[in-house]
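For reference, the structure discussed in these notes is given below.
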Amino acid sequence: MDMQLKKGLLDVLVLSTLLKEDSYGYRIIRDLAPVSEISESTLYPILKRLEAAKLLNVRTAEHNGRLRKYYSITKAGKARIDEFLSEWQDVMKVYRFIESERRLSESAPHDAN
Amino acid sequence: MNKQEYLNELKYRLKNLPEPEIEKSLAFYAEIIDDRIEEGADEESAVAGLASPEAAAKEILADMPLGSIVRGGAKQVKKRMGGKPLLVVLAVIGSPIWLTLLLAAAIVLFSVAIVLAALWASLFICAAAVFGAGLLCLVQAAAEFSVGNPPLGVFSVGAALVLVSAVILLWKPLAGLGRLLLKAARLWIRKIKRLFVNRRAV
């Protein structure tokens, strides 16, 4: 897949795991496993980027005698997801158009030229 | 590889980054390893499931702004020299010739980006200048009419119309060209960054 597109998709995908409740690195990867084989080394830069863009907040809390970082989505982060979903309405429209064109071309008899 | 070995290796690969950046990266990976162990994995397999320290470092470096990588490099030199500025200068002067060549290459590459950006700026400065000249011609026309020199006044109005309309007509292609130049400059800078990151991370 196109790198730039994939980057944008992963950003929103990671954000979406925080909608229900705050989460942490390991759990985000586990939650995303069914959709995307995202690795720790991919996740880390994404989290940093999202934090820099103020789409999520980070807080450190104690867990079992060690520190763990918890990520929570911000208002801007939720807005980013809404924006993504409405943008993809258009993409899906294009997708369906391309799909139906191909179907038509397959069922129609082939042109001589 | 156990947890400590993994973190040490990663730390070494990130040594050119600013200190807080290294700490944050190490803390992230330590937390993941601990969480994996808590989930039931033993230490060795928790580490084995991660990307190699090289790969992890490469991802981190690729996402850093070029500035902090270069600053980190300078920090490294300073650290090695014990922070004595004279020694740093001597080291730079006395360093093997390839370092100078590398630096020269980097400067040449960077200057290409600057030239692209300058071209972009000059496009718009030219457009603004022609537009401004057109407006001035209008002022000139008003002056000529007021001192009773209609032929020159009419000439000035004509000149003003030609200049202003040229800018308006050419605006769209000009803006397109400008966008193209900016894009090229940005791509170029990203390429240079790659060059740096790969050289340091691998």
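Here is a yes/no grid of residues against (1) on the phi < 0 side of the Ramachandran plot; (2) more than 14 Å from chain B (Cβ to nearest Cβ); (3) acidic (D, E); (4) open to solvent by less than 100 Å² (accessible area, probe 1.4 Å):
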site: A:S41; (1), (2), (3), (4): yes, no, no, yes
site: A:A53; (1), (2), (3), (4): yes, no, no, yes
site: A:R59; (1), (2), (3), (4): yes, no, no, no
site: A:R68; (1), (2), (3), (4): yes, no, no, yes
site: A:I73; (1), (2), (3), (4): yes, yes, no, yes
site: A:A76; (1), (2), (3), (4): yes, yes, no, yes
site: A:V94; (1), (2), (3), (4): yes, yes, no, yes
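Just one of (1) open to solvent by 40 Å² or more (accessible area, probe 1.4 Å); (2) in contact (Cβ under 8 Å) with a residue 40 or more places away in the chain; (3) within 11 Å of another protein chain (Cβ to nearest Cβ) trips up A:R27, so point out which.
Exception for A:R27: condition (2).
Can you say whether B:E39 is within 11 Å of chain A (Cβ to nearest Cβ) and modelled with pLDDT under 90, as far as the supplied structure shows? So that I can check it myself, show each step before the final result.
Numbers: within 11 Å of chain A (Cβ to nearest Cβ): yes; modelled with pLDDT under 90: yes.
Yes.
Which residue, of A:R103, A:R49, A:R80, is of a type in the set (D, E, K, R) and in contact (Cβ under 8 Å) with a residue 60 or more places away in the chain?
A:R80
Taking into account only those residues within the stretch B:1-27 that are in contact with a helix residue (DSSP H, G or I) (Cβ under 9 Å, 6 or more places away or on another chain) and among the aliphatic types (A, V, I, L, M), which is surrounded by the most Cβ atoms within 10 Å (Cβ to Cβ)?
Within the stretch B:1-27, the subset in contact with a helix residue (DSSP H, G or I) (Cβ under 9 Å, 6 or more places away or on another chain) is B:1-3, B:5-19, B:21-22, B:24-26.
Filter once more, keeping what is among the aliphatic types (A, V, I, L, M): B:1, B:7, B:10, B:14, B:17, B:22, B:26.
Details: B:M1: 15, B:L7: 19, B:L10: 22, B:L14: 23, B:L17: 25, B:I22: 18, B:L26: 16.
Ranking the qualifying residues of the stretch B:1-27, first place goes to B:L17.
Would you call A:E21 acidic (D, E), over 26 Å from B:S25 (Cα atoms), open to solvent by 90 Å² or more (accessible area, probe 1.4 Å) and more than 10 Å from chain B (Cβ to nearest Cβ)?
no
If A:I81 meets every condition in (1) out of contact with any Ser or Thr (no Cβ under 7 Å at 6 or more places or on another chain); (2) part of a helix (DSSP H, G or I) apart from one, which number is that one?
With respect to (1) out of contact with any Ser or Thr (no Cβ under 7 Å at 6 or more places or on another chain); (2) part of a helix (DSSP H, G or I), A:I81 is out only on (1).
Considering only the stretch A:30-39, state which residues are open to solvent by less than 50 Å² (accessible area, probe 1.4 Å) and in a helix (DSSP H, G or I).
A:L32
Considering the stretch A:1-18 alone, what residues qualify as being open to solvent by 30 Å² or more (accessible area, probe 1.4 Å) and in a loop (DSSP other than H, G, I, E, B)?
A:M1, A:D2
Exactly one of these conditions fails for B:A30: (1) surrounded by fewer than 13 Cβ atoms within 10 Å (Cβ to Cβ); (2) modelled with pLDDT of 90 or more; (3) not charged (D, E, K, R). Give me its number.
Failed condition: (1).
So that you can scan it fast, the table gives a plain yes or no per residue for (1) more than 7 Å from every other protein chain (Cβ to nearest Cβ); (2) farther than 18 Å from A:R30 by Cβ; (3) without any contact (Cβ under 8 Å) to a residue 40 or more places away in the chain:
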residue: B:I33; (1), (2), (3): yes, no, yes
residue: B:A46; (1), (2), (3): yes, no, no
residue: B:A51; (1), (2), (3): no, no, yes
residue: B:A56; (1), (2), (3): no, yes, no
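The values are calculated or read from the model by the stated rules, or taken from the named source; none is laboratory data. Note that this is a predicted model, so its numbers are computed, not measured. Methodologically, a virtual Cβ is constructed for each residue, glycine included, from the backbone with ideal geometry; neighbour enumeration extends over all protein chains shown. Ligands, DNA and RNA are excluded from the accessible area calculation, which covers all protein heavy atoms including side chains. Shrake-Rupley method; radii C 1.70, N 1.55, O 1.52, S 1.80 Å.
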